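One structure below.
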Amino acid sequence: MIDIRRLTMEDGDTWKDIDDRFTVDSTLVLSVTDGEISYTVQEMPGYVKSYAETAAEEETDEEDSTDYIDNPEQVMYVAYAGNQFVGRILLKRNWNRYALIEDIAVDAKQRGGGIGRRLVEQAIQWAREGGMPGIMLETQNHNVRACRLYESCGFVIGGFDTRVYRGLNKNRTEVAIYWYLLFD
């Protein structure tokens, strides 16, 4: 059984202990027709990617969990299977009133069991209870599995950026995709 709850001080830094590696073996190829964004999936040579490893290489600051405890503007939910930490989602009220999913991660050994969907459902509940008009997030076209999850949860592509990751490395080929779930 999976338990999803708000992060507390008692959790310490367990939320950082996650194997976020995934295999990239396909990419979304985006197109725009009459203002509507669509995609096809194209296979590519496979490699393993880890956002935690990428963040360490780019020397980005790690999140401080205390920013998410008892804060009405942002929250972290953690998922446990028994006593084992298996996933997390970080949310905040964005400047445009949407809830922003800053990060979502499910341990590599736990994927495929619905934990990601349960975390997204928790995000939806938090955003609705906070009176927000919807949820937004950004991921890359190389993270096809995540893109398919968001689409299956009702998100639609609202835009994309072919240049944002080139500031980190001019040879990067990832495209940032902005997903939105608008409430009625």
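Key figures
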| item | result |
| --- | --- |
| With 10 Å bins from 0: P(r) over the range 2-182, alpha-carbon pairs, percent | 9, 35, 39, 15, 1, 0 |
| Under 5 Å, built H, 5+ apart or other chain: amide partners of ASP107 | GLY87 |
| Estimated distance in nm for a label pair at THR23 and GLU151, the labels positioned 7 Å out from Cα along Cα-to-Cβ | 2.0 nm |
| Where labels lie 7 Å past Cα in the beta-carbon direction, separation of ARG117 and LYS170 in nm | 4.5 nm |
| Among GLN122, GLN140, GLN110: highest mean-square fluctuation, GNM of the chain, C-alpha pairs under 10 Å | GLN110 |
| Gap separating the Cα centres of the range 153-168 and the range 136-152, nearest whole Å | 10 Å |
| Highest-fluctuation residue, TRP15, TRP126, TRP95 considered, GNM on the chain with Cα pairs under 10 Å | TRP95 |
| Added length on full extension, which subtracts the Cα-Cα distance from 0.36 nm per residue, SER38 to SER50 | 1.7 nm |
| Most mobile of VAL29, VAL144, VAL48 in a GNM of the chain (Cα contacts under 10 Å) | VAL48 |
| Distance (nanometres) between label positions extended 7 Å along Cα→Cβ at ASN94 and GLU129 | 2.2 nm |
| Acute angle (nearest 10 degrees) that the helix 115-129 long axis makes with the longest principal axis of the chain, alpha-carbon atoms | 80 degrees |
| Sequence-distant lysines (8 or more away, or on other chains) whose Cα lies within less than 30 Å of LYS109 | LYS16, LYS49, LYS92 |
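Any read-out appearing in this document is the output of simple, stated calculations on the displayed coordinates, not a laboratory observation. It should be emphasised that the depicted structure is a prediction, and the values quoted were computed from it without experimental measurement. Glycine gets a Cβ as well: all are built from the backbone with ideal geometry, and neighbour counts include every protein chain shown.
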